[in-house]
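The values are calculated or read from the model by the stated rules, or taken from the named source; none is laboratory data. The shown structure was predicted, so the numbers you read here are calculated from the model rather than taken from an experiment. Heads up, the Cβs are rebuilt from the backbone with ideal geometry, glycines too, and the neighbour counts pull from every protein chain shown.
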Amino acid sequence: MSKPTRDRFDDVPRSSGRVGAHRAEAPGMNGWVVLLWSFVAALVLIIGGIFVALVMMGRITLFPEPEPTAAPTPVETGIVDTTYAVMILNGTAEEGLATQTRDVLLNNGWPAENVSAGDSNSQDFESTTVYYVAEADELAAIGLANLIGGAAVQQSDFYAGETVTDQKQLTVVIGLDRSTAAPEPTETPAE
């Protein structure tokens, strides 16, 4: 048998101890990488399957249609009708509020015989309110409430028949919200 001829690789020292496929991966890591990739792939497939199932059942809509915007509800501005008889009651302890409100109505065209002012039996009425009797009177009550600087409007027949007989009527009860006088402090029991 003949000897192979010598070449330049025969002179390289053999100190590393590794021969052959020294660039190959470490054999112990290969199993964990395969397991990790298998887990990630299974997780992606499960999440994708759940998502597709929810879309098919209609629980998720991919491209929802925009909801139609509701038109804003118009605010009733009311009408100022000077043919109504108006009774103004001061529901506070402050003097002169009913007369001031009566002057506002007279300056806006109400005949003096249709507007009466006086004091209420109560002096602690919470908020100024315009009362009307019939539903047909609501717009006139709103107009009157706006004319006197804003007030609540409520339907009630409590004051029906308090003004001129057989005439449409509105009643204004002035509350503590219009009073400039500070309310009297209530006494608290001593401890």
message: So, in segment 106-161, exactly how many residues are of a type in the set (A, V, I, L, M) and under 16 Å from residue 178 (Cα atoms)?
response: 9
Filter result for residue 93 (modelled with pLDDT under 85, over 23 Å from residue 143 (Cα atoms) and touching an Asp or Glu at 6+ places or on another chain (Cβ under 8 Å)): yes
- request: State all residues of segment 79-90 that are outside any strand (DSSP E or B) and either modelled with pLDDT of 85 or more or hydroxyl-bearing (Ser, Thr, Tyr) (or both); if no residue qualifies, say none.
  value: 82, 83, 84
message: Quick check on residue 58: is it exposed (fewer than 10 other Cβ atoms within 10 Å of the Cβ), small (Gly, Ala, Ser) and modelled with pLDDT of 80 or more?
response: yes
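Results for (1) modelled with pLDDT of 85 or more; (2) exposed (fewer than 10 other Cβ atoms within 10 Å of the Cβ); (3) in a helix (DSSP H, G or I), shown as yes or no for each residue.
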position: 10; (1), (2), (3): no, yes, yes
position: 19; (1), (2), (3): no, yes, no
position: 23; (1), (2), (3): no, yes, no
position: 28; (1), (2), (3): no, yes, no
position: 37; (1), (2), (3): yes, no, yes
position: 46; (1), (2), (3): yes, no, yes
- prompt: Is it true that residue 173 is outside any helix (DSSP H, G or I), over 15 Å from residue 78 (Cβ atoms), modelled with pLDDT of 85 or more and not basic (Lys, Arg)?
  reply: yes
query: Looking at residue 160, is it surrounded by 10 or more Cβ atoms within 10 Å (Cβ to Cβ) and at pLDDT below 75?
result: yes
- prompt: Do the conditions hold for residue 111, that is, is it over 39 Å from the mean Cα position of the chain (by Cα) and either of a type in the set (Asp, Glu) or more than 19 Å from residue 159 (Cα to Cα) (or both)?
  reply: yes
statement: Screening 127, 122 for residues that are out of contact with any helix residue (DSSP H, G or I) (no Cβ under 8 Å at 6 or more places or on another chain) and either surrounded by fewer than 20 Cβ atoms within 10 Å (Cβ to Cβ) or among the hydrophobic types (A, V, I, L, M, F, W, C) (or both) leaves only 122
query: From the set of residues in segment 101-116 that are out of contact with any strand residue (DSSP E or B) (no Cβ under 8 Å at 6 or more places or on another chain) and not in a loop (DSSP other than H, G, I, E, B), which is surrounded by the most Cβ atoms within 10 Å (Cβ to Cβ)?
result: 104
task: Among the residues of segment 61-78, write down those that are under 27 Å from the mean Cα position of the chain (by Cα), modelled with pLDDT of 75 or more and over 20 Å from residue 153 (Cβ atoms).
output: 61, 63, 64, 65, 66, 67, 68, 69
- prompt: Looking at residue 98, is it more than 18 Å from residue 140 (Cβ to Cβ), in a helix (DSSP H, G or I) and touching a strand residue (DSSP E or B) at 6+ places or on another chain (Cβ under 7 Å)?
  reply: yes
message: If I filter segment 115-126 for residues that are more than 18 Å from residue 160 (Cα to Cα) and modelled with pLDDT of 85 or more, do I get at least one hit?
response: no
